[in-house]
Amino acid sequence: GAVVSQHPSRVICKSGTSVKIECRSLDFQATTMFWYRQFPKQSLMLMATSNEGSKATYEQGVEKDKFLINHASLTLSTLTVTSAHPEDSSFYICSARNPGTEGWGYTFGSGTRLTVV
Amino acid sequence: GENVEQHPSTLSVQEGDSAVIKCTYSDSASNYFPWYKQELGKGPQLIIDIRSNVGEKKDQRIAVTLNKTAKHFSLHITETQPEDSAVYFCAGWRTGNQFYFGTGTSLTVIP
């Protein structure tokens with residue numbers, strides 16, 4: 001089945017630094033990928049929709065200058081958390097759709113646990 | 001926009017018993033309803049889904065039922081096993097739109 005790889009799985013960074021998270025579709029091409037944030041014991045909240053070759057679409061309340069998204073190819077989208085602060089600590093999850101699979105074919109990555117100290 | 005309510009938030013069952021989780025959605029145009037299982041520290045994994053033109057779907061011990069009139073859908077897990085313990089999320093989706101996730105149900109299967 002479709003696999004979405006996310007890297008790193010865990011990252012600890014100092015306050016004020018930037019962190020890049022990668023999301024790759026391993027065996028299919030994804031023109032659209034999605035980035036979610038999940039706080040402990042809460043649901044997934046969509047942050048932005050990443051579109052290959054064009055600007056990302058951000059949800060209301062998500063700072064586009066803080067959460068930079070680059071969808072440079074059909075298999076890779078990156079999320080960069082700039083000038084990270086402790087309140088940015090969260091579980092970040094990407095998702096992509098494989099049109100070739102049964103149903104809607106949305107697959108999630110394994111997530112990245114970001115801790116800002 | 002869509003709103004998906006999920007109940008219960010926590011559920012404990014004895015091994016071998018059944019577990020039922022219910023979700024209610026608000027957007028009558030929603031046409032796809034997946035269920036995800038999320039284990040600690042991992043991303044959600046699709047376990048079963050249903051489209052709006054189907055009333056029920058079953059895959060071994062897991063089944064989903066959809067009532068379009070009442071706008072609710074349910075996940076049924078039979079013969080529960082300890083490895084079923086996880087957080088389960090429902091979601092609603094409308095073509096051209098995005099997923100709206102429920103608030104999650106933490107299921108604990110007691111051996």
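Annotations for the structure displayed:
- For the pair B:Ile110 and B:Thr69, a Förster radius of 41 Å applied to the C-beta separation gives a FRET efficiency near 0.70, rounded to the nearest 0.05.
- For the Cα trace of the stretch A:1-74, dividing Rg by the Kirkwood Rh returns an Rg/Rh value of 0.96.
- What separates the Cα centres of the stretch A:1-58 and the stretch B:6-79 is a distance of 25 Å.
- Carbon plus sulfur fraction of accessible area for the stretch B:1-58, probe 1.4 Å, in percent: 44
- Note that the stretch B:58-73 has calculated 3J(HN,Hα) couplings of 10, 9, 6, 8, 10, 9, 10, 10, 10, 10, 5, 5, 7, 6, 9, 9 Hz, one per residue in order, obtained from phi through the Karplus relation 6.51 cos²θ - 1.76 cosθ + 1.60 (θ = phi - 60°); glycine and proline are x.
- Gyration tensor (Cα) of the protein assembly as shown, equivalent ellipsoid semi-axes in angstrom: 30, 20, 16
- In this simple spin-label approximation, A:Lys64 and B:Thr10 carry label points 7 Å from Cα along the Cα→Cβ vector, and these lie 4.2 nm apart.
- Residues with amide H under 5 Å from that of A:Ala56, placed H, sequence gap 5 or more: A:Asn51
- Computed accessible area, B:Arg94, all protein chains, 1.4 angstrom probe, square angstrom: 90
- 3J(HN,Hα) from dihedral phi, the stretch A:5-20, Karplus parametrisation 6.51/-1.76/1.60, rounded to Hz, x for glycine, proline: 9, 10, 8, x, 7, 9, 8, 10, 9, 7, 4, x, 8, 10, 10, 10
- The B-A contact accounts for approximately 1500 Å² of buried accessible area, totalled over both chains at a 1.4 Å probe radius.
- In terms of packing, defined here as the mean over residues of other Cβ atoms within 10 angstrom, the peptides B:49-61, A:76-88 line up highest first as A:76-88, B:49-61.
- Averaged over A:36-47, number of beta-carbon atoms from partner chains that fall within 10 Å: 4
- Inter-site label distance for A:His85 and B:Gln60 at 7 Å from Cα along Cβ, in nm: 4.7
- Pairs with C-alpha atoms separated by more than 23 Å, drawn from the list A:Lys64/B:Lys37; B:Lys22/B:Lys68; A:Lys14/A:Lys55; A:Lys20/A:Lys55, are A:Lys64/B:Lys37; A:Lys14/A:Lys55.
- Cα Rg, Dmax (largest Cα-Cα span) when computed across the stretch B:38-111, Å: 13.2, 43
- Accessible surface computed residue by residue for the stretch A:1-60, with neighbouring protein chains in place and a 1.4 Å probe, gives 59 Å² per residue.
- Sulfur and carbon atoms: percent of accessible area, chain A [1.4 Å]: 50
- Kirkwood-Stokes translational diffusion coefficient of the stretch A:39-117, alpha-carbon pairs, 20 °C, 1.002 mPa s, µm²/s: 155
- HN-Hα J in Hz across the stretch A:82-93 - Karplus 6.51, -1.76, 1.60, θ = phi - 60°, x for Gly and Pro: 8, 6, 5, 10, x, 6, 7, 4, 5, 9, 9, 10
- Average beta-carbon neighbours from other chains, 10 Å sphere, peptide B:39-45: 6
The values are calculated or read from the model by the stated rules, or taken from the named source; none is laboratory data. Source: prediction; values computed, not measured. Reconstructed Cβ throughout: ideal geometry from the backbone, glycine too, with neighbour counts over all protein chains shown. These area figures cover heavy atoms from the full protein model, side chains too; ligands, DNA and RNA do not enter into them. Shrake-Rupley method; radii C 1.70, N 1.55, O 1.52, S 1.80 Å.
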